[in-house]
Structure formats: structure tokens, C-alpha cells
Protein chains: 2
Amino acid sequence: MVILDGKKISQEIKKEISETVKSIIASGKPAPHLAAILAGNDGASETYVGHKEKDCHEVGFRSTVLRFPDSVSRNELLSEISRLNDSDDITGLIVQLPLPKHISEKEIIEAINPAKDVDGFHPVNVGKMVTGLSAFVSATPYGIIELMKRYAIETAGKNCVVLGRSNIVGRPMANLLSQKAYPGDCTVTVCHSRTKNIREICVNADIIVAALGVPEFLTADMVKEGAVVIDVGITRVKADNKNGFRLVGDVKFDTVSEKASFITPVPGGVGPMTRVALLKNTLKAYEAKKQ
Amino acid sequence: MVILDGKKISQEIKKEISETVKSIIASGKPAPHLAAILAGNDGASETYVGHKEKDCHEVGFRSTVLRFPDSVSRNELLSEISRLNDSDDITGLIVQLPLPKHISEKEIIEAINPAKDVDGFHPVNVGKMVTGLSAFVSATPYGIIELMKRYAIETAGKNCVVLGRSNIVGRPMANLLSQKAYPGDCTVTVCHSRTKNIREICVNADIIVAALGVPEFLTADMVKEGAVVIDVGITRVKADNKNGFRLVGDVKFDTVSEKASFITPVPGGVGPMTRVALLKNTLKAYEAKKQ
């Protein structure tokens, strides 16, 4: 059994990106610049945006966080987005979700210039991704695809089960892995809350992507010997340790790992790959703009 | 066994649309207007555009076909699209594919105003459809969804197999049927040329959508008793009759129909529903514009 070490791979990728940034700067050009809009004061959002700033700093990107109070108006956000869309100095633009309840996330996301939409949430990018055109793929699926690629996981003709149909993980994963591409060319089944025979479907899978958000949902009896298991879930569960909690994935790691050929740990699997995928998208936006 | 009579249902829908158009005209407003761009002289394209004109006429829509020679330039097409995008008189705009080889279909499709893209091919519409937002859904999947709805076919929790992963049929069908909606909430598996155990997958399916373009691919031994079978294929096969050919679907109808609970015939199943779906999209574009 091989651990798909997202932490290690993400560090390798960050090193690659840093090298590219160094050569950009050496050629006299400004470094890529990621702008993040943060509205309200959700604790988790603060943490995520903090990580993104740190990651940018680590690879040599510039980053700017634009903070707005919870009471920010739709118009204020739209005019800020319009300014950032037009600014030559901004490479990529993300809006941290969730937004305050009175703001339509759909409208805000659709206002972002698709060429700067490094979160890959704009319908233009979703549509291009689904139809196999070049697009910004959202960070978690992009990170998983990259992780599979770096470990040269065989995918063509494999039976793949995606647990979960969310717009940010399950659905894009299913679309990507069924495409004529590598990683891809899988026979993909999407399971969700309405699926009746989930155990039976999983046990026939060569590859399982678990993205339900249900701690330790996938148990060893649901997994075929030699399956590849990708765990997207990450939930805090009370524990008798100094933090008072531990992080648990959608996969019961201790027993499933005994049957899997490859498996992602939680933490240290999909999480760091998601973080580095945003950096890769930002570099991609920078390079597309050059042309 | 019930035949899913696309011909009959499409006539009912056309009647509904005609009634709406009559009340539009009675209120003193102009009828919806579909514009089609036809470049080159592909025989099949001529036929399809002819059908579209006839269908528009039948329900009281206005229709205009803009013909260009095979030698048309990219710029000519783009400027015509721009004119039609801006014209208040044009409700919906379609570009008949394939285009002459020197023209990028991708670029032309992306030039269409998404609010007039009644073929549902623009990435914005694909992205919205995939994420469950209101969108123009391309004609074949939209027609199938409507047919399932009119026959009140149960879909929630059903195992559905989609044979084929094309951007205009298989992929949208898979995305629609896995959504939290009716018809939808299916556990969907997408099979394609790289799928290894297609027979085994099909035999466990409650619903099969066959869109491979392989005549009589789906045989009775691949179908569970009571399955719902939707046949998207339509191929001309040589035959000893006055036409010299007959139309054959992806399903071996005579034997599969003995096991199916519901089945579409070829012709007269998905075909007429595809045609009427374009009209429904055009009416939808008209009504969205009113608001």
C-alpha cells in the first residue's frame, strides 16, 4: 500500500512554481498577483484566506486581501470586482465563500472575469472543463487530478465511484475522470444521498473518490482489495487529546488502508493538493495573459 | 411495456407552444424569432435547418436562415453573430454545425450571446446546466428529460446507465439525471469506448440511455426485466425496401422491448423530442427577455 502523500507532492509543486516565479522576476517582470475578497468575519474564511496569503508568499506571488464588513452592499462588491477585473496588475481574483446572506453568490461569481477566475467557479470555466476545453478547474478536483498524475495511477478503463455530487468536488471529479484524457477514461458512477446500493457499487470500484463529508463513511467491507482510495472529507471529531479534536476523513483509514493499493491520508492528502492547485491556476492565468 | 411516443408528445408540446404564441400575437407583440446561420452546403445540415424552419412555422415563430458559402471568413461570421446578438428582433440564434473546416467552431459558439444560445452549446449554458442553475439545455437531453417527465417515469434512487460521453448527449444526460431534481436523483454511470464490463453494468440498470451511435448495440441479454430504455441512436442501414435503407437505433428494439417497461422507438422517439426542445428553448429565451 502506498500513501498518496499530498503534503510532499504539494511541496514539490510549490518548489516548481517558485522556480518559475524567480525566472519571471529575473526577466524584469512583476510576479503573479492574487487578489482575494473577504466579506464578513467568518472564522473559517479568515483561516482559509490566511493560508492562501501564506502560500502565495511562499512561492513568491504577490497577494492582496480586500476586506469588507458583513454589511457590504452588492454594489460595493460588484464595483470592486470590476476594478480588479480591469486591473493589469491583478493576475487572479477569488471571492471567499460564503458571502453574507444578503448577497447573491451566483451574481458575484458571474461578475468575475473568467480569465482571472482561478477558483474555477464561473459557469464559463465549469462549462469548458465539462466539455474538455482548457479551463480553470476548481482547486480540489484539480489537486486530486494532479496527485493521481504524480503517482502515475492507472485510470483508463477503470471503474471509478465518486461519492458526492457537490458542484465543487463530486461533479467536477466525475466529469474529469470520465473524459478522454489522462487521468481519465474511467467508467464513472456518481453516488449520493439517494443512492440505494452504495455498498455494492463501492465494492466493485477500482478507484473511489469519497467526498460526502460523512466521517469514516467508507469502511473496509465496502472496498475491493487493491482499490485506489481518495479521501476528500475532513471533519473535526471530538477527541481526548490536547486540541480536544482530531481530523477525520470520509474513509476509515486504519482498516481501508490495509486493502487499498493507494490511499490519501487525512490530513496531508487532498488538503495540501487543494491549496497548491490554487497557486497552479494563478500561474496559469499569468502565463495565459502573457500570450 | 409502454412505448415512449416522442411523436405524439412533441405534437402536444407544439400545440402548447402555438397557444402561447397566439396569445403573444393577440397582445400585440411580435412572435418569437429564431435565426439560423448555415455555412457551406452540407446535405444533412440543409435538412436539419429545413426541419427547424418548418417547426418554427408550425408553432407560429418567425424564422430566418442566413446562408453563407463554404468560403465564408471567420470575420464575416463573427460580425453577423454580433449583429444578431444585438438585434432586438432576434429571440434565439443557432449556428448549424459542422462549420467549414477553416472556422473554429469553439470560437463561433463562444461568440453567441448566451441569452440567445437556444442550442445550449455556449460554455456559460453548459456550466449553468451542470451546476443546476437555470440554463438552455441542449436539445436532445432536454427533449429526453421532457419525455420522461410527461410519462411520469420514476427516477429518484434509480440506477441509470448512460452509454456515450459526447458533449451534446451523454455528458449532459449524466449531469442532469444525477442532479437533485425530477427527473433526476439517479445514481448515474457513464460508459464509453474504454469501459470494460459494459454488459454487466447495463444489466443492473433501471434506466438506460443509449447514445453511442452503434446500431443495435444494446441487446436483450444486456437489459434487466422492467428497465426504462431511451434510444438516442439513429443510423441508416441498408435494407431491401423502396428507400434502400431503414433507420436503426442503438437498441435492438424487437427483443429489448419485450423486457423493457418503457422504451423509445426509432424513429418517433427521441428525434421529435429533440426538434421540439429547440422550440421550447426559443420560447424560454423570449419569455426571459420580456422580464
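The values are calculated or read from the model by the stated rules, or taken from the named source; none is laboratory data. Bear in mind the structure is a predicted one, so any value in this text is a computation, not a measurement. Cβ atoms come from the backbone with ideal geometry, glycine included; neighbour counts cover every protein chain shown.
Observations, loosely collected:
- Filtered by the rule that a residue be crowded, with 23+ Cβ neighbours inside 10 Å and not in a helix (DSSP H, G or I), the stretch A:267-285 gives a lone residue, A:GLY269.
- Output for the stretch A:219-247, where each listed residue is in a strand (DSSP E or B) and closer than 26 Å to A:ILE208 by Cα: A:VAL228, A:VAL229, A:ILE230, A:ASP231, A:THR235, A:ARG236, A:VAL237, A:ARG246, A:LEU247
- For B:LEU34, the conditions (1) aliphatic (A, V, I, L, M); (2) without any contact (Cβ under 8 Å) to a residue 60 or more places away in the chain; (3) within 19 Å of B:THR274 (Cα to Cα) are fulfilled apart from (2).
- Members of the stretch A:248-257 found to be in a loop (DSSP other than H, G, I, E, B) and of a type outside the set (Asp, Glu), listed by number: A:GLY249, A:LYS252, A:SER257
- Residue list for the stretch A:132-142, filter: out of contact with any Gly (no Cβ under 6 Å at 6 or more places or on another chain) and either more than 22 Å from B:ALA115 (Cα to Cα) or not in a loop (DSSP other than H, G, I, E, B) (or both): A:GLY132, A:SER134, A:ALA139, A:THR140, A:PRO141, A:TYR142
- Yes/no for B:ALA260 being within 13 Å of chain A (Cβ to nearest Cβ), outside any strand (DSSP E or B) and at pLDDT 95 or above: no
- Here B:ASN167, B:ASN175 are screened, and the one residue that is under 24 Å from A:GLY164 (Cα atoms), of a type in the set (S, T, N, Q) and either away from chain A (no Cβ under 13 Å) or not in a helix (DSSP H, G or I) (or both) is B:ASN167.
- Residue match in the stretch B:186-203 (condition: in the same structural domain as B:ILE234 (by TED's automatic domain parsing), surrounded by fewer than 24 Cβ atoms within 10 Å (Cβ to Cβ), assigned to a loop (DSSP other than H, G, I, E, B) and among the acidic types (Asp, Glu)): no
- The stretch A:88-147, residues that are surrounded by 19 or more Cβ atoms within 10 Å (Cβ to Cβ), charged (D, E, K, R) and touching a Leu at 6+ places or on another chain (Cβ under 9 Å): A:LYS116, A:ASP117, A:ASP119
- Residue in the stretch A:185-208 that is small (Gly, Ala, Ser), within 23 Å of B:THR131 (Cβ to Cβ) and touching a helix residue (DSSP H, G or I) at 6+ places or on another chain (Cβ under 9 Å) present: no
- Residue within the stretch A:13-27 that is more than 22 Å from the chain's Cα centre (by Cα), under 22 Å from A:ASN125 (Cβ atoms) and acidic (Asp, Glu) present: no
- Boolean, A:VAL251 is in contact with a Phe, Trp or Tyr (Cβ under 9 Å, 6 or more places away or on another chain), touching a residue at least 60 places away in the same chain (Cβ under 8 Å), under 18 Å from A:ASN159 (Cβ atoms) and surrounded by 19 or more Cβ atoms within 10 Å (Cβ to Cβ): no
- Test: residue in the stretch B:187-210 that is within 22 Å of B:ASP119 (Cβ to Cβ) and either without any contact (Cβ under 8 Å) to a residue 12 or more places away in the chain or touching a Cys at 6+ places or on another chain (Cβ under 8 Å) (or both): yes
- Test for B:VAL214: is it within 13 Å of another protein chain (Cβ to nearest Cβ) and in a loop (DSSP other than H, G, I, E, B): no
- Lone qualifier among B:ALA44, B:ALA111 - being outside the structural domain of B:THR255 (by TED's automatic domain parsing), farther than 26 Å from B:VAL270 by Cβ and not acidic (Asp, Glu): B:ALA111
- Tally of residues being surrounded by fewer than 15 Cβ atoms within 10 Å (Cβ to Cβ) and either of a type in the set (A, V, I, L, M, F, W, C) or out of contact with any strand residue (DSSP E or B) (no Cβ under 8 Å at 6 or more places or on another chain) (or both) across the stretch A:75-86: 6
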